[in-house]
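Notes for the one structure printed next.
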Amino acid sequence: MKKLYLFALTAIVLAACSAPPTNRDAVTTTNSNKPAETKAAAPLTEADAIAKEKEIWQALTKKDLTGFGAMLAEDQIYVSGDGVHDKASTIKSVTGFVPTTVDYADWKLVPINNDAVVLIYKATVKGTMNGTAVPEGAAYTSSIWVNRDGKWLALYHQDSDVKPLPPAPPAKAPAKAAASPTASAPPAAATATTSSDAEANEKAVWDSFKAKHFDAFESMLAPEFTEVEPFGVTNRAESVKGVQTFDFSKTTLSDWKTVKINPDATLVTYVAHLPGEKVDTEYHSTVWANRNGKWLAVFHQGTHKAAPAPATPAKAASPAAAK
């Protein structure tokens, strides 16, 4: 049984996402519909969010899929190594899964606004799928809890299987001085323009990577920006430093989907293709939020596409069967 199921359930727990064409489970290409008018709800503290997260896990332990589904928003999505799932396919993917042990660590709450938060943590899970034991595995997971009509519901969940940090690329030799003393590289943009169009903002981020305009990238991040990757959780400064070690020149993006969190925040998910990399396909999600009139990235998570399950070898025919 793939270790992915173990976190698929995790993610499903708070799932939310849009599936790429190879795994699109009745998810529309875009979901930029305006959320219904919502009633005020008491602020969700970190302790409250943790309790809700554990309550979802408990529903799975009790095989209570009705209760599990009731805690998910109707436009909920789940992003994992096998793609993006809507609410119906999230519930289907956890059917038959029973977690027997869930160990939580490193909780972190990132506020989006008064009606939405991101809860980040590391989960180590054991369980069974249709009665078969699932190997223990660990993942960095994130969930968005959103106020819908006065009730806090899980809108999104994503998991990234824990992997060791790859070695840093070898240092390059200093570039030779330009032939002309007046020749120089074009100055990097100090800031970048953003808007309520989350897809356009995300494309601007990747354009800044390709142009090595890392100051422009930094200008698009909120001070509290938090990034989750298979290698760990980083803050704004660490993320800006980290992207400078990669070559994004050949990267292409596809399979866009946006989900309106509320009028002042949007979630965008997409697939990143990185030719030549060991893992050449990744699923990405970013939350963009209005901060005093400027739209900034508050949260981002990347998940490696899962390797295909090994094929089951065909059984050799018995001598008797050959007769």
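The values are calculated or read from the model by the stated rules, or taken from the named source; none is laboratory data. A quick note: this is a predicted structure, and the numbers were derived from the prediction, not measured. Using ideal geometry, Cβ is built from the backbone for each residue, glycine included, and neighbour counts are taken over all protein chains shown.
The table below lists the values:
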{"read-out": "The range 306-317, residues that are surrounded by fewer than 19 Cβ atoms within 10 Å (Cβ to Cβ) and modelled with pLDDT of 60 or more", "value": "Ala307, Pro308, Ala309, Pro310"}
{"read-out": "Residues (more than 23 Å from Asp115 (Cα to Cα) and part of a strand (DSSP E or B)) located in the range 226-269", "value": "Glu229, Gly232, Val233, Thr234, Thr252, Leu253, Ser254, Asp255, Trp256"}
{"read-out": "Residue in the range 104-120 that is under 17 Å from the mean Cα position of the chain (by Cα), part of a loop (DSSP other than H, G, I, E, B) and closer than 22 Å to Trp256 by Cα present", "value": "no"}
{"read-out": "Count of residues meeting criterion [under 18 Å from Gly127 (Cα atoms), of a type outside the set (Phe, Trp, Tyr) and either surrounded by fewer than 24 Cβ atoms within 10 Å (Cβ to Cβ) or at pLDDT below 95 (or both)] in the range 81-104", "value": "12"}
{"read-out": "Residue in the range 39-60 that is assigned to a strand (DSSP E or B), modelled with pLDDT of 95 or more and surrounded by 14 or more Cβ atoms within 10 Å (Cβ to Cβ) present", "value": "no"}
